[in-house]
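Below you'll find the structure, written out as structure tokens, and then a few comments.
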Amino acid sequence: MSADSPFTEFVQPQMGRVLTALGLDVEYERAEGNTLHHRDDQGEPVPVLDLMGGYGSLIFGHNHPEIVAHAKELLDQNRAVHAQFSLRGEAGRLGAALSDAVRRETSVKEPYLATFGNSGAEAVEAAVKHAELVRVRRAAALADETAAHAEAAREAVRRGAAVVDPDAFQLPAVQGHAAPADGIEGLLSAVGAHNAAALATRPLFLALERSFHGKLVGSVQLTYNSGFRAPFQNLGTRVRFVPMDRLELLDRIAEDERVVLLDTEVADGQVRVVERDFPVITAFLVEPVQGEGGIHALTTEAGRAIRLFCNRVGTALIIDEVQSGMGRCGAFLASSLIGLRGDYYTLSKSLGGGLAKISAMLVRRSLYQGEFDLIHSSTFAMDDFSSSVARKVVEMLEADDGAVYRQVTERGERLAGMLADLRSAYPDIIEDIRGKGLFLGVQLRDQGTARSMVLRGSAYTGSLGYLLSGYLLRQERIRIAPTGSAGNVLRIQPSAYITDVEIEKLRGALDRLCRILRYEDTLHLVHP
Ligand code: PMP
């Protein structure tokens, strides 16, 4: 089918071949709720139950009537959409709505300021840039302070009010560069050289193993999957990845990475040199529920350990809610469910209501750097159409005291209950069911020792989930996909309106699938 598709010919030749190989090479025409429609080879319409939900961007489903009506109204009114370099009213109202929602949920009193972008990765990069601006400012303030103290020491020695403490020359950073005979000038020159080198230290970012924070030049460095990251690793940002269940390693990393500035102090007629911690770690990025890495939720304890670490070393905590936020886990922010509070939040996906491309980076007002909005911008960011659609989405989420969040929680429990039944019936096939709200993952057991060559082969190439996705689409008319970096985890991310009938349809389909896998009846998987 895809061989003669312009998509395959002019856009994504390789992806086109992959989709054809898996039987996923269909073109969808229409969509509503949890249903997508394509045509079969005879031109007959085929409805498909969509559980991929736009990679998590459809908490209100496809073409929600209220969101569509709102969008139509905006277009009918000829609303100004691209009025850059003016007071963007819609962006302002959206910013206020986002700040209110975060404060309501986290009970933080401080407002948040929003920087808008066009994609999740862009929001992540805005947070990274802003956090780095904060770090650079702090570093510069510290450098200014040490330079002023050095000048004061020089002056005190010149006036004869102080002498250099001979111990100052014993410091590792000074030894070999200056000796007592070199006096204050020798000492200050060694201190200056050390500080200049310290100031040039490349900043470090921390992220969790299995993390996914985007694929742009900056954000891909923060994405754990080496298939996405490795070819571009020389392009920039220095990142260390920490396993979610080994957070005790953080203190060792902080110790390894510690850089000090040397500061001079004059007291009791002596010039002494003291160490001041230099800010090296710009930020720690976390997803409260890792999505692409295989649906792994951060525990309350892990969240607390990360927050305390950030407080201890004075680094910013960026909570990436691009996929987990906007109601997906049964709350505006998934992090609020574990009592974790961020200095920054990134939001996107469902923020656009399935119609607009928009993302937001939120930062605590007291951290906000005034000139950031003068030096960071994008032509399409904060357009009035996307901002207005997004504000409608926030209103819908927050309406009736959070009825949608309760619905997501209830539907999620129902769906997870059904999946748990399947896991008890097929413990040999389903290894784990994970996730929160309507952000669920079904982890399949490794098929590396299966007798069937089809299964062994797919285990070898890490493509089992893709093989099964093709089967589910062709045979069961269910659209499902594995997570981006864990090919044996099927992600299930329907809208808040998933019905009992749809859940039962999935049960039947997965039950048949598990039976095929148990009996290695794999002809069914590959038969057209
Ligand atoms: N962060 C997270 C947690 C994500 O799940 C994603 C997308 N899957 C991104 C960032 C990047 O978003 P986008 O694809 O819109 O750039």
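Counting only helical runs of four or more DSSP H residues, what would the 222 nm mean residue ellipticity of the chain come to if each run contributes -39,500 (n - 2.57) and the total is spread over all its residues?
Values: 15 runs with 212 residues, N = 528.
Dividing the helical sum by the residues of the chain leaves -13000 deg cm²/dmol.
In whole Hz, what ³J(HN,Hα) sequence does segment 166-178 give by Karplus (6.51, -1.76, 1.60; θ = phi - 60°), x for Gly and Pro?
Working through the residues one at a time gives x, 4, 4, 7, 8, 4, x, 6, 9, 3, x, 10, 7 Hz.
Could you tell me which residue out of Thr379, Gly441, Gly327 lies farthest along the dipole of the chain toward its positive end? Charges go on the beta carbon: Lys and Arg +1, Asp and Glu -1, centred on the Cα centre.
It is Gly441, whose Cα lies furthest towards the positive end.
What's the exposure ranking of Glu122, Glu395, Glu44, going from fewest to most Cβ atoms within 10 Å?
Details: Glu122 26, Glu395 13, Glu44 7.
The order, fewest Cβ neighbours first, is Glu44, Glu395, Glu122.
Normalising by the residue count of the chain, find the relative contact order in percent from Cα pairs under 8 Å and 6+ residues apart. Don't jump to the answer; show the numbers that get you there.
Working: 980 pairs, mean separation 108.2, N = 528.
It comes to 20 percent, rounded to a whole number.
Measure out, as a whole number of angstrom, how far apart the alpha-carbon centroids of segment 225-241 and segment 448-505 sit.
Using only Cα atoms to place each centre, the spacing works out to 28 Å.
From the phi of every residue in segment 277-288, what ³J(HN,Hα) in whole Hz does the Karplus formula 6.51 cos²θ - 1.76 cosθ + 1.60 yield, where θ is phi - 60° and glycine or proline is x?
5, 9, x, 9, 8, 6, 6, 10, 9, 9, 9, x
Cα-based Rg of segment 1-83 per 2.2 N^0.38 Å, rounded to two decimals? Don't jump to the answer; show the numbers that get you there.
Working: Rg = 16.4 Å, N = 83, 2.2 N^0.38 = 11.8 Å.
Against the empirical 2.2 N^0.38 Å value, I get 1.39 for segment 1-83.
Which pairs, out of Lys129/Lys392; Lys109/Lys349; Lys357/Lys505; Lys357/Lys392; Lys109/Lys357; Lys72/Lys129, put more than 24 Å between their alpha-carbon atoms? Don't skip to the end; give the middle numbers.
Numbers: Lys129/Lys392 28 Å; Lys109/Lys349 26 Å; Lys357/Lys505 31 Å; Lys357/Lys392 14 Å; Lys109/Lys357 29 Å; Lys72/Lys129 35 Å.
From Lys129/Lys392; Lys109/Lys349; Lys357/Lys505; Lys357/Lys392; Lys109/Lys357; Lys72/Lys129, over 24 Å: Lys129/Lys392; Lys109/Lys349; Lys357/Lys505; Lys109/Lys357; Lys72/Lys129.
Please tell me the relative contact order of segment 67-210 in percent, rounded to the nearest whole number, where contacts are Cα pairs under 8 Å and at least six residues apart.
For segment 67-210, the relative contact order is 11 percent.
Can you give the local net charge around Ala399? Use residues other than it whose beta-carbon is closer than 11 angstrom to its beta-carbon, Lys and Arg +1, Asp and Glu -1.
Details: positive: Lys392; negative: Glu66, Glu395, Glu398, Asp400, Asp401.
The answer is -4.
Amide H to amide H under 5 Å from Ile430: which residues, 5+ apart in sequence or cross-chain, H placed 1.01 Å off N in plane?
It is Arg445, by chain and number.
Mind putting a number on the dipole of segment 461-528 about its Cα centre? Charges go on the C-beta only, +1 for Lys and Arg and -1 for Asp and Glu, and I need it in Debye to the nearest 20.
Working: 9 positive and 7 negative charges, 22 e Å.
The dipole magnitude comes to about 100 debye.
Taking the DSSP beta bridges in segment 226-364 as the whole, what percent of them are antiparallel, to the nearest 5? Show your work: numbers first, answer last.
Values: 14 of 21 bridges.
DSSP beta bridges in segment 226-364 are roughly 65 percent antiparallel.
Provide the per-residue ³J(HN,Hα) series for segment 209-215, in order, calculated from phi with Karplus coefficients 6.51, -1.76, 1.60 and θ = phi - 60°, each as a whole number of Hz, with x at glycine and proline positions.
4, 6, 5, 9, 10, x, 10
Sort the chain into rounded, prolate or oblate with this rule: let a ≥ b ≥ c be the square roots of the eigenvalues of the Cα gyration tensor; rounded if a/c is under 1.5, and if a/c is not under 1.5, prolate when a/b is larger than b/c, oblate otherwise.
Numbers: a/c = 2.52, a/b = 1.84, b/c = 1.37.
In terms of gyration-tensor shape, prolate.
List the residues whose amide H sits under 5 Å from the amide H of Val271, counting only those 5 or more places along or on another chain, with H placed 1.01 Å from N in the peptide plane.
It is Val163, Val164, Asp165, by chain and number.
By the scheme Lys and Arg +1, Asp and Glu -1, what is the net charge of all other residues having a beta-carbon under 15 Å from that of Gly43?
On the way: positive: Arg30, Arg39; negative: Glu27, Glu29, Asp40, Asp41, Glu44.
Value of the local net charge: -3.
What whole-number volume per residue, in cubic angstrom, does the convex hull of the C-alpha atoms of segment 34-185 give?
301 Å³
Would you mind counting up the charge near Ser336? Only other residues with Cβ under 10 Å from its Cβ, with Lys and Arg at +1 and Asp and Glu at -1. Provide the component values of the computation, followed by the final result.
Values: positive: Arg104, Arg341; negative: Glu105, Glu321.
Result for the neighbourhood of Ser336: 0.
So, with +1 on the Cβ of K and R and -1 on the Cβ of D and E, and no other charges, what is the size of the charge dipole of segment 199-348 about its Cα centre, to the nearest 20 debye? Could the numbers behind the result be given before it?
Details: 16 positive and 18 negative charges, 85 e Å.
So the dipole magnitude of segment 199-348 works out to roughly 400 debye.
Points 7 angstrom from Cα along the Cβ direction at Glu413 and Lys505: gap in nanometres?
In this crude label model, Glu413 to Lys505 measures out at 2.5 nm.
For segment 308-420, what relative contact order do you get, as a whole percent, if you take Cα pairs closer than 8 Å and at least 6 residues apart?
On the way: 127 pairs, mean separation 28.6, N = 113.
With pairs under 8 Å counted, the relative contact order is 25 percent.
Using Cβ counts within 10 Å as a stand-in for footprinting exposure, how do Leu362, Leu415, Leu422 rank, fewest first?
Numbers: Leu362 27, Leu415 24, Leu422 19.
By the 10 Å Cβ count, ascending, the order reads Leu422, Leu415, Leu362.
Subtracting the Cα-Cα distance from 0.36 nm times the residue separation, let me have the gained length for Glu520 to Ala267 in nm, one decimal. Each step should come with its number before you reach the end.
Details: separation 253, 0.36 × 253 = 91.08 nm, distance 7.98 nm.
Stretched out fully, the Glu520 to Ala267 stretch lengthens by 83.1 nm.
We did not get these values from a lab; they are worked out from the coordinates using the rules stated. The shown structure was predicted, so the numbers you read here are calculated from the model rather than taken from an experiment. Neighbour counts run over all protein chains shown; Cβ positions are idealised from the backbone, glycine included.
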